[in-house]
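See below for the structure under consideration.
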Amino acid sequence: MINILIFVVLVVVIIVAEKFRRSSTSLLFKSSSFSSTKRAEKSISKVVSGDAKFLLEDKLPADLSRETIPKHVAVIMDGNRRWAKKKGLEPMLGHEAGARSLVKLLPLCCNWGIKVLTVYAFSTENWIRPRVEVDFLMKLFEKILKEELEFFMRQEVRVSVIGDSSKLPRSLQKIITTVTETTKRNSSCHLIMAVNYSGRTDIVQACQSISNKVKDGLIKSEDIDESLINHELETKCTEFPYPDLLIRTSGELRLSNFLMWQLAYTELYFDESFWPDFGETQFVQALHSFQRRQRRFGGQDEDKLVCES
Ligand SMILES: *[C@@H]1O[C@H](CO)[C@@H](O)[C@H](O)[C@H]1NC(C)=O
Ligand SMILES: *[C@@H]1O[C@H](CO)[C@@H](O)[C@H](O)[C@H]1NC(C)=O
């Protein structure tokens, strides 16, 4: 009797496992037969979570040195649309694949000792794109934040969003508040998403805030120095506001109004691959390139600069 019971339980378990395996592989392939925006949105979040969990245990590759691992890596995630075009797919699927790349990279950063990952998700100039694509992107941000919250908590990732989010869709603003508030005491690593961000606007708003403080007599104009400006920029949310390494994919050689003040001494790395193809191999190559360079900060002492920030 007991034997039969065990057998039945086993069969049920195997059937359920097989069903689960099929449904998760079909999710992976669904995106290539894109039929509706809704369906694609659904598939992305599931795939993304799966990958992220899978990578939780990754350790630093042996040929990278822990001592010189960058504390702050900034990424311009470029080439999603071109990736899709090359494959004859809708641009939306490129963004979706791009989101997958990001969520795969994040656990690597956490596990390898990179403290801050800042990604340029959407610039103030991106609004000129077709309406349907912009709407899709907004939905995608929302989806990622919602679906990955549990993962952020488990990995102890703090999430911040920089840029002007005051006119983003209400539902997106709400989830941004929830995620940033819920994760704000996490300290294992820090994901900063730049959404509707402009490096110059960041500097302009810092100037406005400082001049108001001078006007109100809170500070004197001779008090204005680099450190004070740092405290007014949006990157004040991290103790490492200056990226050590900037990665831009898809072969473009521009900064595109990203962290204009903060990138002054950042090492730049340009990769030919489109962002959705940028995986662990490419990331390790970028880190290698960084570790081979001697950073001089224009002759300044490195330690001094680190203390300043
Ligand atoms: C994006 O940011 C700019 C600059 O801060 C702002 O003027 C604009 O209203 C924002 N747009 C949206 C849709 O959030
Ligand atoms: C992550 O955040 C939770 C909730 O705020 C907090 O209890 C936990 O201590 C944080 N973990 C770390 C490592 O900071």
Exercise. Would you tally the residues in segment 146-173 being among the hydrophobic types (A, V, I, L, M, F, W, C), under 28 Å from Q205 (Cα atoms) and more than 16 Å from ligand 1 (Cβ to nearest atom)?
Key: 2
Quiz prompt | Among (1) more than 30 Å from A97 (Cα to Cα); (2) surrounded by 13 or more Cβ atoms within 10 Å (Cβ to Cβ), the one test that G298 misses | solution = (2)
Quiz prompt | Members of segment 179-206 that are assigned to a helix (DSSP H, G or I) and within 14 Å of ligand 1 (Cβ to nearest atom) | solution = G199, R200, T201, D202, I203, V204, Q205, A206
Quiz item: Which of (1) away from ligand 1 (no atom under 16 Å from the Cβ); (2) within 22 Å of the chain's Cα centre (by Cα); (3) among the polar types (S, T, N, Q) does S211 not meet, given it meets every other one?
Solution: (2)
Practice problem: Answer yes or no: is there a residue in segment 266-281 that is assigned by the TED database to the domain that holds S101, in contact (Cβ under 8 Å) with a residue 12 or more places away in the chain, closer than 18 Å to E67 by Cα and among the charged types (D, E, K, R). | Solution: yes
Practice problem: Sort out which residues of segment 146-163 are in a helix (DSSP H, G or I) and within 16 Å of ligand 2 (Cβ to nearest atom), and write them in order of number. | Solution: E148, L149, E150, F151, F152, M153, R154
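The values are calculated or read from the model by the stated rules, or taken from the named source; none is laboratory data. Bear in mind the structure is a predicted one, so any value in this text is a computation, not a measurement. All Cβ positions, even for glycine, are placed from backbone atoms using ideal geometry, and neighbour counts span all protein chains on display.
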